[in-house]
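Trainee: The structure under discussion is supplied below as structure tokens; questions concerning it will follow.
What follows is calculated from the coordinates using simple rules that are stated; it is not laboratory data. All figures in this text were calculated on a predicted structure; none of them were measured in a lab. FYI the Cβ positions are ideal-geometry reconstructions off the backbone, even for glycines, and counts take in every protein chain you see.
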Amino acid sequence: MILQFEHFLFFLLAFLWIVIGSFHVAKYFQKIKLPLITGFLISGVIAGPFFLELVSDESILNLQIVNEFSLSYIAFAAGTELFLKEIRSSLKSILWNTFGQLVITFGVAVVAIILLADHIPFLSGLSQSNVLAIALLTGTIFVARSPSSAIAIINEMRAKGRFTKTAISVTVIKDVLVILLFAICLSIANSLVKGVELSYFFLLELLVELSATFSMGIILARILKFIFSFKIHQHLKVAILLGSGYAVYPFSHYIHHLSENFLPFEILIEPLLVCITVSFIIVNYTSLRIEFQTIVEKIGPAIYAAFFTLAGAMMSLDILADTWKIALLFFIIRLVGMMGGAWLGGTFAGDPKLFRRIGWMPYVTQAGVSLALVMVISNSFPAWGSQLATIIVAVVIVNQLVGPPLFKWAIKRVGENRNQPRDHYEHSRRVLIFGYENQSVALSNELQKNNWKVSIATRKPQDQIEEIPGVKTYHIPGLQAETLANLNLKKFDTFVLLHSDRGNYHIAEWIYENIGEKVVIVRLADRKNLKKFYDLGALVIDPSTAFVNLLQHFVRSPLATSLLMGMEADKDTLDVTVEDESLFGIALRNLRLPVDVLILSVKRKGNIIITHGYTRLRQGDVVTVVGSVESLEKVALQFESFELEKNSTRSAGNN
């Protein structure tokens, strides 16, 4: 026993070393615009038994624990994406696309295989009942998708938007439904092939299995809720979460063994469905949603690297070489079904034409669930199960290699890729400073440190000023209306006016009358002009009182003032405008914010409102948040509307 454990520990440590290398190698694939998953898979293939043999067939058998840990985590991560309050705005699209992908993909596969049976070698000599059984089982597996790769791609690209939300929701729902569909088709196939009478008993058996699976998920969710309610270190919570997910596998095997020996039928509990149920309940019906999502998000990269590297090592390239022609035919049949499902579902859902045209791309990749179902078929039908399994495994291999780049391209095509150069987002962070002096130079440098695009408009000749790196300088003859119009001020979000009160008022009035609502900050010279600027909606800084007010706030609340002044390391504040339609009407307590982010205020129609957990957001609300710089970036991505971004970028380009 001790020798076996040492043997297992040796394989595990060696594999973890390979995973570390795979993680670094995969980054080079990103440089050539390929997903990290593809890098993990190819790294696994190279390290596997067909090339370097660093991961042998023997070690793969000893590493199944890695697979089960990873699959349970992936199911947890998939369940967190089903936050009902967020997906309600896309519910119609999700349901219709699920229907299209499930029904059309399944239907096209069944019909195509029946019609092409005479041209497929191992099907040509079988009876019609056997062909129908094979068609039903193959159609079921064609519906299966890989939530793991979908979530990995979304996290890698920081994708967000209607297309992405629909894709991950449909993927998770399909993986739940495909397990139900497979159970039904397996019973029908048994009836067709083995002459087993098709009765209502198999429906009762299926009902018992589902009830046991969901009951186990509910019980485990309550156990985790109880444990997580205690103040224990987050690392321990991570270990408990992964351990409980893995424990589902041996427990389900134990239940199967008991039912096999003491009941007239077998009970097969699906571990993936149990883990999805657990995370769905915790995210939607407990107060632990944010903490649970944070834990799942933090451990994701390591899990994905291990899972997909092992998946690459497990690829049977010899099978692909022997069956590539039939595998290619099956691959094409599946693509045709998915294309038809995406078009039909998208049409009924009222999705944009682009979504309907490329809506099949997120569902190409297959992995764990598909391979697990293939093994069940192989064991259940000795006559032809192994041949069918060989072909479908080859199809899965092709899908694993082709699917991730397709999904990544689709996300870029619809414009929901958030993992882009920072200046892609900076069109809404452009400031124009009127006046060149020491204060404007200092302000420009500070704003650039916080990733603002700064421009300065000055009446000074070019030979009298020093160019500031990264700052565009406009040399203007004066402040006439024609000059202001030629500056194309619409592309700026914020204006800082450092001229005389008369010049500042002329600029502020022109902006108010010709552009509309913009952030205008004015340095005041004479307090008698204060009301004039307020009437234009400008923010006014009076140098004669600003310093005293700042000292007063430092005395009354030193921590809050130093935070707002940007004096705390790695902490900052941010104003974000609510433009994402999925957030309209959602209560603040239901926002999926990073744990270190705090909402300070909400400004609605020019007024600061007193907020609480049940305050519901409205379109156009300006929310002020404080937190770490990294977390504030995530909040900005969450609140903004990418459709508006694309329009703004396009307008900027046209201008």
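Trainee: Express in whole angstrom the spacing between the alpha-carbon centres of segment 110-176 and segment 470-502.
Mentor: A separation of 58 Å, based on Cα centres.
Trainee: Now a separate question. With respect to the cross-link table entries LYS85/LYS605; LYS298/LYS603; LYS532/LYS603; LYS408/LYS634, which display a Cα-Cα separation exceeding 28 Å?
Mentor: From LYS85/LYS605; LYS298/LYS603; LYS532/LYS603; LYS408/LYS634, over 28 Å: LYS298/LYS603.
Trainee: Grab the DSSP H runs of the chain that are 4 residues or longer, score each as -39,500 (n - 2.57), total them, divide by all residues and round the 222 nm result to the nearest 500 deg cm²/dmol.
Mentor: Taken over the chain, the calculation gives -20500 deg cm²/dmol.
Trainee: Tilt of helix 201-228 relative to the longest C-alpha principal axis of the chain, in degrees (0 to 90, nearest 10)?
Mentor: Taking Cα atoms only, the helix is inclined about 40 degrees.
Trainee: I would also like to ask the following. Let me know the Rg and Dmax you get for segment 1-159 when you use only its Cα atoms, in Å.
Mentor: So, for segment 1-159, Rg and Dmax equal 20.9, 56 Å respectively.
Trainee: Just need the Rg to Rh number for the chain, please, alpha carbons only, Kirkwood Rh. Display every interim value, and only then the final one.
Mentor: Values: Rg = 29.8 Å, Rh = 28.3 Å.
Here Rg/Rh amounts to 1.06.
Trainee: Still on this structure: Can you give the extra length, in nm with one decimal, that the chain gains between ASP318 and ASP463 once fully stretched, where that is 0.36 nm per residue apart less the Cα-Cα distance?
Mentor: Using 0.36 nm per residue and subtracting the Cα-Cα distance, I get 45.0 nm.
Trainee: Which trypsin sites (Lys or Arg not before Pro) from segment 23-92 combine a DSSP loop assignment with at most 11 other Cβ atoms within 10 Å? The partial results should precede the final answer.
Mentor: Values: sites: LYS27, LYS31, LYS33, LYS85, ARG88, LYS92; in loops: LYS33.
Filter output for segment 23-92: LYS33.
Trainee: At a 10 Å Cβ-Cβ cut-off, how would you order ILE332, ILE290, ILE113, ILE276, fewest neighbours first?
Mentor: With the fewest neighbours first, ILE332, ILE290, ILE113, ILE276 line up as ILE332, ILE290, ILE113, ILE276.
Trainee: Counting only Cα, what are the radius of gyration and maximum Cα-Cα distance Dmax of segment 280-367, in Å?
Mentor: Values for segment 280-367 (Cα only, Rg and Dmax): 18.9, 53 Å.
Trainee: Looking at the chain only, what percent of DSSP beta bridges run antiparallel? Nearest 5 please.
Mentor: 45
Trainee: Would you mind classifying segment 451-511 by shape? Square roots of the alpha carbon gyration tensor eigenvalues, ordered a ≥ b ≥ c; an a/c under 1.5 is rounded, otherwise it is prolate if a/b is larger than b/c and oblate if not.
Mentor: The shape class here is oblate.
Trainee: Work out, in µm²/s and without decimals, the Stokes-Einstein translational diffusion coefficient of segment 160-266 at 25 °C, 0.890 mPa s, Rh from Kirkwood over C-alpha pairs.
Mentor: In µm²/s, the coefficient rounds to 144.
Trainee: Shape of segment 78-231 from its Cα gyration tensor (a ≥ b ≥ c, root eigenvalues): rounded if a/c is under 1.5, otherwise prolate when a/b > b/c, or oblate? All intermediate terms of the calculation are to be shown ahead of the outcome.
Mentor: Values: a/c = 2.76, a/b = 1.53, b/c = 1.80.
Here segment 78-231 falls in the oblate category.
Trainee: Label segment 424-547 by shape, choosing from rounded, prolate and oblate, from the square roots a ≥ b ≥ c of the eigenvalues of the Cα gyration tensor; if a/c is under 1.5 it is rounded, and otherwise prolate applies when a/b is larger than b/c, oblate when it is not.
Mentor: rounded
Trainee: Short version: ³J(HN,Hα) in whole Hz for each residue of segment 532-540, in order, from phi by Karplus 6.51 cos²θ - 1.76 cosθ + 1.60 (θ = phi - 60°), x for Gly and Pro, what are they?
Mentor: Karplus-based 3J(HN,Hα) across segment 532-540 equals 4, 6, 4, 5, 8, x, 7, 8, 10 Hz.
Trainee: Under a point-charge model restricted to the Cβ atoms of Lys and Arg (+1) and Asp and Glu (-1), what is the dipole moment magnitude of segment 2-420 relative to its Cα centre, in debye to the nearest 20? Intermediate values should be presented prior to the final figure.
Mentor: Details: 28 positive and 22 negative charges, 443 e Å.
The dipole of segment 2-420 has a size of about 2120 debye.
Trainee: With 10 angstrom as the radius, rank GLU6, GLU509 by how many other C-beta atoms surround their C-beta, starting from the fewest.
Mentor: Values: GLU6 9, GLU509 16.
With the fewest neighbours first, GLU6, GLU509 line up as GLU6, GLU509.
Trainee: Using Cβ contacts closer than 10 Å as the measure, can you line up HIS24, HIS233 from fewest to most?
Mentor: Starting with the residue having the fewest Cβ neighbours, the order is HIS233, HIS24.
Trainee: Ok, one more. Under a 5 Å amide H to amide H cut-off, with H placed in plane at 1.01 Å, what residues pair with VAL496 once short-range neighbours are removed?
Mentor: LEU432, ILE433, PHE434, ILE521
Trainee: Just list whichever of LYS160/LYS518; LYS412/LYS472; LYS165/LYS353 have alpha carbons separated by over 20 Å in the model shown.
Mentor: LYS160/LYS518; LYS412/LYS472
Trainee: How large is ³J(HN,Hα), in whole Hz, for each residue of segment 486-499 in order, when computed from phi with the Karplus curve 6.51 cos²θ - 1.76 cosθ + 1.60 and θ = phi - 60°, using x for Gly and Pro?
Mentor: Taking θ as phi minus 60°, the curve returns 6, 6, 6, 5, 4, 7, 9, 9, 9, 10, 10, 10, 10, 8 Hz for segment 486-499.
Trainee: Could I ask something else about it? Write out the GluC sites (Glu not before Pro) in segment 37-135 meeting two conditions: DSSP loop, and at most 13 other Cβ atoms within 10 Å of their Cβ.
Mentor: GLU53
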